[in-house]
Amino acid sequence: MYSRLLPRLLPLLLLATGLAAQAHSAPPHIVLIVADDLGFSDLACFGSGYYRTPHLDRLARSGMKFTATYTCGPNCAPTRACLMSGQYSPRHGIYTVGSGARGPARLRKLVPAKNTTVLDPEIVTLAETLKAAGYTTAHFGKWHLGPPPTGGPRQQGFDINFGGNRTGSPRGGYFSPYRNPQLEDGPAGEHLTDRLSTEAAGVIRNHVRKSADTPLFIYLPFYAVHTPIQAKPALAAKYGKRAKVGGHRNAKYAAMVETMDSGVGRVLAALDDMKIADKTLVIFTSDNGGLGGYTSADSQLPNGITDNAPLKGGKGMLYEGGIRVPMIVRWPGRTKPGSTCATPVITVDFYPTLAEIAAAPLPKKQTGDGVSITGLLRGQSLPQRPLFWHFPGYLQAYGRQGAWRTTPAAAVRLGDWKLLEFFEDGRKELYHTGRDIGETRNLIGTEPKVADRLHRLMLDWRKRTRAPMPTRKDGRTQ
Ligand SMILES: [Ca+2]
């Protein structure tokens, strides 16, 4: 009897198995949250003893914590451009915010390379790639890569945009009215961070009600915790009474961090309520290091707004404090809850990683500089590769003339080794970031072979990407 039934049942069995496999492998929803200027140790789960971040701590416990995540830029716009394009700065020309010629002109020894401020519309963005693969795409917050209606989020692949335009900080401050043409004002007293997370949660809920089978890409680049430092008064008062820990001592900044964390919690709650948390990849990270960690000789902000200890320096520098940030990834069924990954990853990896997870073909004619890190998410390893930074401009220090956050510089990391090169005088510094995460011991004199190897990698990369160098004032290159 079985032998007679089997041929009839087999097609049905295969169909059922096929549907199950298809359902299992359907691309997940993607929620990518990027805080602005949040430093390496600014979350409780990354070491802060002062700021409270219960929602992100919970996300870390249910996902994977990355302890060596790098941003392509030491400040806002370049990192965002590298994220959206999957390309290092020499390919799209966005190296810094505004102009590379910042700070006092008479003290600049070099002429900075030209900087671009609008992401070329010809570039196929991450949002466009996900949209082409069937995703509904939504942007909430700080875009910073060009003005609507020609270069805003809607022109670069997002179906929905709340608040994204060319500006790098909230023009009207954090409390409504916002003075943001891409965001209707809320009731007086509404906080921008609450508003953006509420809008994102609302889009998630509506999407599941109306088109649950369509995958959703939520990109939530908060304006927080960038300046101006403006907090809800009651929350700031709470931190005023809380014991300060190390360089974490600014009550208003602490309150801004907690409001941002609550916003993340609001978005995670929407995923839970709509029962899609197990089908949603969630990533949380920052776009550059925290605003602080400068020495008193460099700045009139001796304690800064925050502090990136144990890292050296802060936003605007190629030291670890400027480019190393927290990251948490939760991919249900793949990332092991409560796990940690110490493999270096960098902004340009998001594009190929999310494209692979979304089963979205990469644009054929567009060079990508990152690699997919889905193996790391599953607990596997990644082949060693060099990571590069190229910053051919100046960033002034705060408050005092004649001191810089950075002069034109470059860096490369391979394994635990990191080499920095400063273009004004060709000075190099070499650190072993594994044994010396604070970059306190410059080993350039004792490890010449390592330094040479890393410098050769850097030179090859510059040639390959046609990276522009700053020029001398007499017009000659270095
Ligand atoms: Ca930033």
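The values are calculated or read from the model by the stated rules, or taken from the named source; none is laboratory data. Just so it is clear, the structure is predicted and the values come from calculations on it, not from any experiment. Quick reminder, even Gly has a Cβ in these numbers, built from the backbone with ideal geometry, and neighbours come from all protein chains shown.
Residues in the stretch 90-107 that are more than 22 Å from Ile323 (Cβ to Cβ) and touching a residue at least 40 places away in the same chain (Cβ under 8 Å): Pro104, Leu107. Scanning the stretch 245-258 for residues being modelled with pLDDT of 95 or more and either within 16 Å of the ligand (Cβ to nearest atom) or among the basic types (Lys, Arg) (or both) gives a total of 4. Screening the stretch 63-138 for helices (runs of 4 or more DSSP H) wholly inside it with 1 or more residues that are under 30 Å from Gly475 (Cβ atoms) and within 19 Å of the chain's Cα centre (by Cα) returns the ranges 76-85, 89-92.
In this structure, Leu196 does not qualify as more than 13 Å from Ile160 (Cβ to Cβ) and either part of a helix (DSSP H, G or I) or in contact with a strand residue (DSSP E or B) (Cβ under 7 Å, 6 or more places away or on another chain) (or both).
Looking at the structure I just gave you, is Leu420 under 22 Å from Leu291 (Cβ atoms), crowded, with 19+ Cβ neighbours inside 10 Å and either over 24 Å from the mean Cα position of the chain (by Cα) or hydrophobic (A, V, I, L, M, F, W, C) (or both)? Reasoning before the result, please.
Details: under 22 Å from Leu291 (Cβ atoms): yes; crowded, with 19+ Cβ neighbours inside 10 Å: yes; either over 24 Å from the mean Cα position of the chain (by Cα) or hydrophobic (A, V, I, L, M, F, W, C) (or both): yes.
Answer is yes for this residue.
Residue check: is Tyr50 surrounded by 21 or more Cβ atoms within 10 Å (Cβ to Cβ), more than 16 Å from the ligand (Cβ to nearest atom) and in contact (Cβ under 8 Å) with a residue 12 or more places away in the chain? Yes; evaluated as a whole, the condition is true for this residue. In the stretch 277-296, the qualifying residues are those that are assigned to a loop (DSSP other than H, G, I, E, B) and free of Cβ contacts under 8 Å to residues at least 60 places away in the same chain, and the one that is farthest from the ligand (Cβ to nearest atom) is Ser296.
Scanning the stretch 454-467 for residues that are surrounded by 16 or more Cβ atoms within 10 Å (Cβ to Cβ) and of a type in the set (D, E, K, R) yields a single hit, Arg462. If a residue must be within 15 Å of the ligand (Cβ to nearest atom), of a type in the set (A, V, I, L, M, F, W, C) and in contact with a Pro (Cβ under 9 Å, 6 or more places away or on another chain), how many such residues does the stretch 319-344 contain? Of the residues in the stretch 319-344, 1 are within 15 Å of the ligand (Cβ to nearest atom), of a type in the set (A, V, I, L, M, F, W, C) and in contact with a Pro (Cβ under 9 Å, 6 or more places away or on another chain).
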